[in-house]
Amino acid sequence: MGQSLQKSCKSHSGGDGETEFYMDLSQLPEEVLNLILRHLPASVLLRNCQYVCKRWHSVIDSQAFWKFKAEEEKKHLQIVKKCVPANFDWKRLCLKGPFNKNLIQNPFGEEGFKGWDISNGGDGWSIRTFPPEDLAGICSAFVSSYFWCRKSQTINLLEVGLWEDILDNYQPEICIQDWYSSHRDCGGEYLMKVKLLAADKRTVLQKYNSGLKIVPIQPVQCWEKVIHVFYNYGPGVRYVKFKHAAKDVLFWKGHFGTWVTKTSLTVRLKDHVKK
């Protein structure tokens, strides 16, 4: 692979009788090499391919290369071309990939409380595992106690790969989802609040409050989903602050309060450019 091969095509018969073929990619025209490299994951391009030779490094270091890669992999970007400045960093967009992925860190508790700002009530939050068939393959959740337990994250939208023009003019949808349940022997309460914040992290441009959710005692554990989508929120949004709170209703010592898991925050492109 690369310039280490001297022939454009070379065959070699292995001991098992099979014939292997090698191609010297250094002999390929520029447009063909671009096409081949664009099909590789961004992590492979930066970790390995850019060090093969100066020619490959030049190709992979080009913003034009990353622009074509972004457009091929994310067809929906065609609808936001009017929202990218002339000096737009296409490489950063490919590496960050901010659309249609969960921007909440550690949503299931598999990494302990990493990424969360915690406020403990009663005996505080705990993390519990359960059979994956209970909730679409998810097997861990945060479990609250007998006074309000709260968790929050603040997402910097620019840091995760979005940019001012798309937030201010196109205003992609910001979708929040959370799942909650209760201990089978003890009902619970749940509350979710979300704020869209300006650059100063204090000015609230839009907000959502789920209202108090009462989770009754049930013979089997059942999960409920709460979802909200922000759209047409106006210019200036730079942060999303997510917070949810949970507790039990019988004030039992220990961890018998509401369970929460599978929290998600996704940014979704709409079907048309805002006029």
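Below are the figures for this structure:
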quantity	calculated
Residue satisfying all of: in the stretch 155-185; surrounded by 19 or more Cβ atoms within 10 Å (Cβ to Cβ) and within 30 Å of residue 254 (Cβ to Cβ); nearest to the chain's Cα centre (by Cα) among these	176
Hits in the stretch 132-153 - residues which are farther than 17 Å from residue 249 by Cα and open to solvent by 60 Å² or more (accessible area, probe 1.4 Å)	132, 133, 134, 136
Search result, residues across the stretch 206-224 that are at pLDDT 95 or above, under 22 Å from the mean Cα position of the chain (by Cα) and exposed (fewer than 15 other Cβ atoms within 10 Å of the Cβ)	207
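The values are calculated or read from the model by the stated rules, or taken from the named source; none is laboratory data. Worth saying up front: this structure is predicted, and the values here are computed from it rather than measured. Positions of Cβ are generated from backbone atoms using ideal geometry, with glycine treated the same way; all protein chains shown enter the neighbour counts. The accessibility values were calculated without ligands, DNA or RNA, using every heavy atom of the protein model including side chains. Shrake-Rupley method; radii C 1.70, N 1.55, O 1.52, S 1.80 Å.
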